[in-house]
Structures are given as C-alpha cells and as structure tokens.
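Step one of this worksheet: look at the structure below.
The values are calculated or read from the model by the stated rules, or taken from the named source; none is laboratory data. These numbers were taken from a predicted model, which means no experiment stands behind them. So basically every Cβ, Gly included, is an ideal-geometry build from the backbone, and we count neighbours across all protein chains shown. The protein model used for the area step is the full one, side chains on, heavy atoms only, and it has no ligands, DNA or RNA in it. Shrake-Rupley method; radii C 1.70, N 1.55, O 1.52, S 1.80 Å.
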Amino acid sequence: MAPVTALSETLRRLSRVSVLAESADRGRGDRRVDFSAHTEPYRRELLAHCYRMTGSLHDAEDLVQETLLRAWKAYDRFEGKSSIRTWLHRIATNACLSALEGRQRRPLPTGLAGSSSDPTAALVERGEIPWLEPLPDLTDDPADPSVIVGSRESVRLAFVAALQHLSPRQRAVLLLREVLQWKAAEVAEAIGTTPVAVNSLLQRARSQLQAVGPTSGDRLAAPDSAAAQDLLARYIAAFETYDIDRLVELFTAEAIWEMPPYVGWYQGAQAIVALIHQQCPAESPGDMRLIPLVANGQPAAAMYMRAGDAHLPFQLHVLDVSADGVSHVVAFLDDTLFAKFGLPDSL
C-alpha cells in the first residue's frame, strides 16, 4: 500500500502544482491584457515622439518596442503617481537618450555645408551618412482639428530636420516642454537633472532652433485641403505624363529640391527641372506612376519607375505646399520605406 499511497501523494502534489501554474498563467494573461489595454492607445504618439528624437522611422519603431518592453517589466511597480501616458513618455525619452549616445545627427542635404548644386553636374552619393527619414501619417484617428494641426506641425520634415542640430538632451527638453507641455520639474525628474538645468537647456535649444528651423511665416497647406490636393494631383500628372516642363508652373521661384542619399540640393524651378531632365531615368509617358499619400503631416507621393513589365519603388516625395505653389521637395531614394508606408512592392 505504501507505494500506492506515495504515488497518490505525488499525483496530488502535481495536480496542485498544475492548478497553481494555471492560476499564475491566468494572472499573467490578465496582466498582459491589462497592460496592453492601458498602453496600446499611446503607441502612435510614442512612435511620433521617438521619431522626433531620432529622425529615423526605423529607429523609432525599435525604440517604441523597447519602451513597451521596459514598461512591461516595470508594470508591477507603476504606482499611478503620474498618468500612464506621462510614464510611457518618460521611459521612451530615456530609451532615446541612451540610443543616441555617440551617434551622428541625421541631416538632409540642405543641412550639410555647401550652396545649391549645378543640376548638370554628376550626382554624388553618400550612403554612409545616416540620413533623415520620413514618417507615415499618424493623424487618421478622429480628433479635435486643433490637435491634428499641432500633431502635424510637430512632425513636419523641416522641424524634425532642425531638431537634428540640437544635442539629444536639448531635443528631449524642447519636445517635452514645447510639444508635450510638461512642466520644468516634470522634465527634470524624467531626465535626471534640475529645473534650473532644464530651463537653461530649453533656452539654448530655442535659440539654436530659431537659427536653423522653419519660421512662423512658413504657413503650409494642410495635406487634406482642397488647394494641396489639387496641387499634388497636378504634380503627379506632370510626372506620369512625362511633361516635366509643366513642373515649372507648380514650383515657387525659390523652390528647393533635395534627394538623399545624394548630397546635392537644387534651388529654383528652372534648376529643378533641368536636374530632372538630366538625371531622371524615365524616357516617356507611363514610365513613372505615383500614389498620393501623406508623410510628416504634408502632401506626399510614392513614385514607381518602370522596370520591364512592372513599376518598382523608386522615390518617396514629401512636399512643402503653400498658397504660392510647391516650395520644397525631399525625394527619398530608399525603397525600404515603401513597406513602412503600407505601399505595394510593385505596380
């Protein structure tokens, strides 16, 4: 009987362990559901925050994942002294600051030293430079119009490019104070410094941003406005019909064109059109097809170039559009961005 009794006791203990394990699993499952329910609504704004800090869509996606992993590990210790939104942004900011240690800033060609280039000269590619990247539209959720406008302004390409001239800590302070509207004491606690140091960093950041950033007079048309949509449609039509000379009518007199990873940039409608005539691989109508979209809160278009029987990803254009026309185009030659924007890999 003794062996049978021992076996019964063993089975009883195993059964109890199984019940406890199932209970623990349910607890972990409930915790996961609870964590996801509380954090998922902030994923998009965390992506925008990490993008503003780094200037890279790829890095921002990785840092959001790292932020949520850090938050998950610390979720049991979250006491609710601040909102979960504030807590997540604090974690994201510090993850970005750690990631940016020792890294180069991400420029656009206009952010490098030098004047506008000769459109007839050979292109110079610098693939080793970590170029600024564009950001897909993050404002498709219903919201107050003023919130949408503010969100678009904070990810505008020129603004994010200007942020690259600041140190990582200056960026963090400026974004937390000016975009997220945190108090100096909250920022100081988040990045481990004093309110006095925060105010000093903010003052220097504002001064540097004023020297290199977009001015308050740079009023761009909203991407969903009738004027912007009409201009984008004419811009797309000019490329698709290979009527490049029509682009002269769409660009402002001092318009700028740049296309990383090439270091040159070009100013003036005539110079831009000369560049396209000189360097564009298209030869006839139908060689280029474009899909309208929104990037960085601005009108944009994905360009596909004919390759045999298909059209393959070629460039992603982000436009500055004002009442006077197209004043700036950044044409990103990075086909890995197409998937990030939910675009097809061929047409």
For the pair residue 44 and residue 345, the simple spin-label estimate (label points 7 Å beyond Cα toward Cβ) gives in nm 2.7 nm
Summing -39500 (n - 2.57) over every DSSP H run of at least 4 residues in the chain and dividing by its residue count gives a helix-only mean residue ellipticity at 222 nm, to the nearest 500 deg cm²/dmol, of -15500 deg cm²/dmol
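Take the alpha carbon gyration tensor of the range 198-248, find the square roots of its eigenvalues, order them as a ≥ b ≥ c, and report rounded if a/c is under 1.5; if not, report prolate when a/b exceeds b/c, else oblate. Spell out each step's value before the answer.
Working: a/c = 4.59, a/b = 2.89, b/c = 1.59.
Judged from the Cα gyration tensor, the range 198-248 comes out prolate (a/c at least 1.5, a/b above b/c).
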For residue 73, counting only lysines whose alpha-carbon sits under 24 Å away and dropping same-chain residues fewer than eight positions off, the answer is 81
Here the FRET efficiency for residue 122 versus residue 197, based on Cβ atoms and R0 = 51 Å and rounded to 0.05, is 0.60
The helix 57-74 Cα axis meets the longest alpha-carbon principal axis of the chain at an angle in degrees, between 0 and 90 and rounded to 10, of 20 degrees
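Report the FRET efficiency, 1/(1 + (r/R0)^6), for residue 58 and residue 229, where r is their Cβ-Cβ distance and R0 is 25 Å, rounded to 0.05.
Efficiency computed from Cβ-Cβ geometry: 0.30.
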hull vol. (C-alpha, convex hull) per residue for the range 24-103, Å³ -> 92 Å³
In the range 157-217 the accessible area split gives carbon plus sulfur, as whole percent at 1.4 Å, a share of 50 percent
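Looking at the square roots a ≥ b ≥ c of the eigenvalues of the Cα gyration tensor of the range 226-341, which shape do they give, rounded for a/c under 1.5, prolate if a/b is larger than b/c, or oblate?
Working: a/c = 1.34, a/b = 1.21, b/c = 1.11.
In terms of gyration-tensor shape, rounded.
Count charges around residue 116 for me, please; just the other residues with Cβ under 14 Å from its Cβ, Lys/Arg as +1, Asp/Glu as -1.
Working: positive: none; negative: 118, 254, 258.
The answer is -3.
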Here, GluC sites (Glu not before Pro) of the range 190-285 satisfying both criteria (DSSP loop; at most 10 other Cβ within 10 Å) are 283
So residue 103 and residue 36, fully extended at 0.36 nm per residue minus their Cα-Cα distance, gain in nm 21.0 nm
Which of 51, 242, 304 fluctuates most in a GNM of the chain (C-alpha springs under 10 Å)? That residue is 242
Helix 2-39 sits off the longest principal axis of the Cα atoms of the chain, rounded to the nearest 10 on a 0 to 90 degree scale, by 30 degrees
Among (i) 72, 53, 37; (ii) 93, 80, 43; (iii) 98, 58, 39, the value of Cα extents along the principal axes in Å computed for this structure carries the label (iii)
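Can you give the alpha-carbon Rg of the range 157-217 over 2.2 N^0.38 Å, where N counts its residues? The partial results should precede the final answer.
Details: Rg = 11.3 Å, N = 61, 2.2 N^0.38 = 10.5 Å.
Expressed relative to 2.2 N^0.38 Å, the Cα Rg reads 1.08.
May I ask you to order 72-79, 219-226, 113-120 by the average number of other C-beta atoms within 10 Å around their residues, highest value first?
Numbers: 72-79: 10.5, 219-226: 15.8, 113-120: 12.5.
Descending packing order for the listed peptides: 219-226, 113-120, 72-79.
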If the chain between residue 309 and residue 210 were fully extended at 0.36 nm per residue, the gain over the current Cα-Cα distance would be 30.8 nm
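Just to confirm a number: summing +1 for Lys and Arg and -1 for Asp and Glu over residues other than residue 329 whose beta-carbon lies under 9 angstrom from that of residue 329, what do you get? Spell out each step's value before the answer.
Working: positive: none; negative: 258, 320.
Overall, the nearby charge balance is -2.
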Carbon plus sulfur, as percent of the 1.4 Å-probe accessible area of the range 24-103, comes to 48 percent
